[in-house]
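Student: Supplied in structure tokens, the structure appears directly below.
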Amino acid sequence: MIPKIACSVYIVTLNCEAWLFKTLQSVQDFDEVIILDSGSTDATYAIAQQFDNVHIEHQDWQGYAGQKSLALAKCRNDWVLNLDGDEVLSEGLKQEIAEVIQHNQLDALITPINDVFLGVPNSKHTKKHAKVRFFRKAKGHYDLANKVHENVIVEGESRRAVHDIYHFGESSIFVKVEKNNQYSNLKAAEKFQKGKSPSLAKLVLVMPMTFIKSYFIRRSFLNGWRGFVNSMVNAFYAFLKEAKLFEQSMNKDNK
């Protein structure tokens, strides 16, 4: 029997049946997979129970950072990997993780996230977003004040991974826009609670500047018409966050 990779994978889910099988299949060589589910009504539980290394349990929703912190605390290994229920670990990144554990010199990998927008991955020349997803458990934690786009804060040495995590969740323009509408609510509330004031200059400039960054600087133009659409939606998301911060401030003043 091939020994399992000495790493715990933790995932938070809610109705993730569309991609969860591929997600769990990509980490079936890992020692354990912890899933905290916040009330799925689809086949999420049935899919999870097909894998011997997976443990799934219910947890009422605590927010993105809070939910992931609880899942992280349940991991038994010194090394941990976070995936979402619509993400798939590449074979190359799995090998990188095994090598980092074996050499035991780094504390984290900053992992490129390859967004598979409308069913097609990014061009290999597009600049991808990257986050810490694999790290030494004792060296990482979440900032619970972040309501969305939560990041692992690592106190230690890290490097950028060569290979990707593939994100399949943006399967349609509708899904991407719907997520951005929800996330912009959370980000505006987060900024408001932290005492940030809205800026008229940012409201005017954030959309064109974000489009330029996404389409040209991050080279989304290499993804053809999908890259243009994706950059436009990203730009509107940036605009929504600022507009909703204005809305929060206006509502406060009218009370």
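The values are calculated or read from the model by the stated rules, or taken from the named source; none is laboratory data. All figures in this text were calculated on a predicted structure; none of them were measured in a lab. Cβ coordinates were reconstructed from backbone atoms using ideal geometry, including for glycine residues, and neighbour counts include every protein chain displayed. Just so you know, the surface numbers come from the protein's heavy atoms only, side chains and all, with ligands and any DNA or RNA stripped out. Shrake-Rupley method; radii C 1.70, N 1.55, O 1.52, S 1.80 Å.
Student: For the range 123-236, which fully contained strands (runs of 3 or more DSSP E) count at least 2 residues that are open to solvent by 80 Å² or more (accessible area, probe 1.4 Å), within 24 Å of Q248 (Cα to Cα) and touching a residue at least 60 places away in the same chain (Cβ under 8 Å)? It would help to see each step written out before you state the result.
Tutor: Numbers: elements: 129-136, 140-142, 152-154, 158-160, 165-167.
By residue number, no strands (runs of 3 or more DSSP E) qualify.
Student: For residues that are charged (D, E, K, R) and more than 28 Å from D31 (Cα to Cα), scanning just the range 101-149, find the one that is modelled with the lowest pLDDT. Even if it seems obvious, please write down each step before you answer.
Tutor: Residues of the range 101-149 charged (D, E, K, R): 107, 115, 124, 127-128, 131, 133, 136-137, 139, 143, 147.
In the following step, the residues that additionally are more than 28 Å from D31 (Cα to Cα) were identified as 124, 127-128, 147.
On the way: K124: 93, K127: 96, K128: 95, K147: 83.
The residue in question is K147.
Student: Something else about it: Working only within the range 59-80, note down all residues that are within 21 Å of G140 (Cβ to Cβ) and outside any helix (DSSP H, G or I).
Tutor: Hits for the range 59-80 are Q59, Q62, G63, K74, C75, R76, N77, D78, W79, V80.
Student: Identify, please: which residue in the range 89-111 is aliphatic (A, V, I, L, M), open to solvent by less than 50 Å² (accessible area, probe 1.4 Å) and touching a residue at least 40 places away in the same chain (Cβ under 8 Å) and is, among those, farthest from F221 (Cα to Cα)? First the steps, then the outcome.
Tutor: Here is the first cut: in the range 89-111, the ones aliphatic (A, V, I, L, M) are 89, 93, 97-98, 100-101, 106, 108-110.
Next, from what is left, pick out any that are open to solvent by less than 50 Å² (accessible area, probe 1.4 Å): 89, 93, 97-98, 100-101, 106, 108-109.
If we keep only those that are touching a residue at least 40 places away in the same chain (Cβ under 8 Å) too, we end up with 89, 93, 97-98, 101, 106, 108-109.
Values: L89: 25, L93: 26, I97: 31, A98: 34, I101: 37, L106: 35, A108: 31, L109: 28 Å.
Top of the filtered list is I101.
Student: In this structure, does N114 turn out to be touching a residue at least 12 places away in the same chain (Cβ under 8 Å), buried (at least 18 other Cβ atoms within 10 Å of the Cβ), of a type outside the set (K, R) and in a loop (DSSP other than H, G, I, E, B)? So that I can check it myself, show each step before the final result.
Tutor: On the way: touching a residue at least 12 places away in the same chain (Cβ under 8 Å): yes; buried (at least 18 other Cβ atoms within 10 Å of the Cβ): yes; of a type outside the set (K, R): yes; in a loop (DSSP other than H, G, I, E, B): no.
Criteria not met by N114.
Student: Take the residues in the range 182-228 that are polar (S, T, N, Q) and within 18 Å of I113 (Cα to Cα); name whichever of them is farthest from the chain's Cα centre (by Cα). Steps first, answer last, please.
Tutor: From the range 182-228, those polar (S, T, N, Q) are 182, 184-185, 193, 197, 199, 210, 214, 220, 223; that's our starting set.
Cutting the leftovers down to within 18 Å of I113 (Cα to Cα) gives us 214, 220, 223.
Details: S214: 18, S220: 19, N223: 21 Å.
If we take residues in the range 182-228 being polar (S, T, N, Q) and within 18 Å of I113 (Cα to Cα), then N223 is farthest from the chain's Cα centre (by Cα).
Residues are listed down the side, and each one gets a yes or a no for (1) closer than 21 Å to L186 by Cβ; (2) not in a strand (DSSP E or B):
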site	(1), (2)
C16	yes, yes
V33	no, no
F51	no, yes
E57	no, no
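Student: Could we say that D78 is at pLDDT 95 or above, in contact with a His (Cβ under 9 Å, 6 or more places away or on another chain) and open to solvent by 20 Å² or more (accessible area, probe 1.4 Å) here?
Tutor: Values: at pLDDT 95 or above: yes; in contact with a His (Cβ under 9 Å, 6 or more places away or on another chain): no; open to solvent by 20 Å² or more (accessible area, probe 1.4 Å): yes.
Here the answer is no, as D78 does not meet what is asked.
Student: Hey, another quick one. Do the conditions hold for D31, that is, is it among the acidic types (D, E) and either open to solvent by 70 Å² or more (accessible area, probe 1.4 Å) or under 20 Å from the mean Cα position of the chain (by Cα) (or both)? Can you show your working first?
Tutor: Details: among the acidic types (D, E): yes; either open to solvent by 70 Å² or more (accessible area, probe 1.4 Å) or under 20 Å from the mean Cα position of the chain (by Cα) (or both): no.
In short, no.
Student: Being among the hydroxyl-bearing types (S, T, Y) and closer than 16 Å to R76 by Cα is the filter here; which residues of the range 1-42 pass it? Talk me through it step by step, then tell me what you get.
Tutor: Looking only at the range 1-42, we keep the residues that are among the hydroxyl-bearing types (S, T, Y), and these are 8, 10, 13, 23, 26, 38, 40-41.
Listed by number, the residues that qualify are S8, Y10.
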